[in-house]
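The values are calculated or read from the model by the stated rules, or taken from the named source; none is laboratory data. Quantities reported herein were computed from a predicted structural model and do not represent experimental measurements. Please note: Cβ atoms are built from the backbone with ideal geometry, for glycine as well, and neighbour counts cover all protein chains shown.
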Amino acid sequence: MMKMLKMIGYGLIIWVVPYVTAIMLMGLMTSDPVFFKSIMIVEGSIIGAICMAAYFSNVNKDTLKESLIVGLVWVVISWALDFAALLPFSKMPLDRYFMEIGIRYVGMLAPIVAIGYLLDKRIKT
């Protein structure tokens, strides 16, 4: 139970921090959308790395399997929160959302699974 709460909590942090930043940088979003997106990607990467390190610091078995689960949960959390908090206000069509924003969350899986793989390999040796 605690593990699931931790997983969901970090998934929320990964979404909330960039969302709050995006609200604060709303003017930049319209004046320089490329720079805005760059900031969002860099911030998301940093927050994601911190949350991954914190989550996996106490995982000592089945880390590859755990990384797949965590990665998928975090992607689904991000999509769900975007559907609830972003899409209704932006009026962005669903296909456009996935082309511009939604697909980027899938990129979280690569470093998470890499961490799980390396930890799994280290535990087994």
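Just a few scattered comments:
- Candidate set from the stretch 1-35 (those that are in contact (Cβ under 8 Å) with a residue 12 or more places away in the chain and aromatic (Phe, Trp, Tyr)); member that is nearest to Gly71 (Cα to Cα): Tyr10
- Boolean, Leu68 is free of Cβ contacts under 8 Å to residues at least 40 places away in the same chain and in a helix (DSSP H, G or I): no
- Among (1) farther than 24 Å from Leu118 by Cβ; (2) touching a residue at least 24 places away in the same chain (Cβ under 8 Å); (3) surrounded by 14 or more Cβ atoms within 10 Å (Cβ to Cβ), the one test that Ala85 misses: (3)
- Some residue of the stretch 70-79 being closer than 22 Å to Lys6 by Cβ, at pLDDT 95 or above and touching a Lys or Arg at 6+ places or on another chain (Cβ under 7 Å): no
- Exactly one residue among Ile115, Ile23, Ile39, Ile77 is at negative phi and either under 13 Å from the mean Cα position of the chain (by Cα) or among the charged types (D, E, K, R) (or both), and that residue is Ile77.
- Scope the stretch 1-43; condition surrounded by fewer than 15 Cβ atoms within 10 Å (Cβ to Cβ) and of a type in the set (S, T, N, Q); matching residues: Thr30, Ser31, Ser38
The rows are residues; the columns are (1) of a type outside the set (A, V, I, L, M, F, W, C); (2) more than 27 Å from Lys121 (Cα to Cα).
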position: Ala22; (1), (2): no, yes
position: Asp32; (1), (2): yes, yes
position: Phe35; (1), (2): no, yes
position: Gly48; (1), (2): yes, no
position: Glu100; (1), (2): yes, yes
position: Ile103; (1), (2): no, yes
position: Ala110; (1), (2): no, no
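- Positions within the stretch 73-107 being assigned to a loop (DSSP other than H, G, I, E, B), over 15 Å from Pro18 (Cα atoms) and out of contact with any Asp or Glu (no Cβ under 8 Å at 6 or more places or on another chain), in sequence order: Lys91, Pro93, Gly107
- Matching entry among Met29, Met7 (being part of a helix (DSSP H, G or I) and modelled with pLDDT under 95): Met29
- Matching residues in the stretch 88-125 - criterion: being free of Cβ contacts under 8 Å to residues at least 60 places away in the same chain, more than 22 Å from Gly48 (Cα to Cα) and of a type in the set (A, V, I, L, M, F, W, C): Phe89, Met92, Leu94
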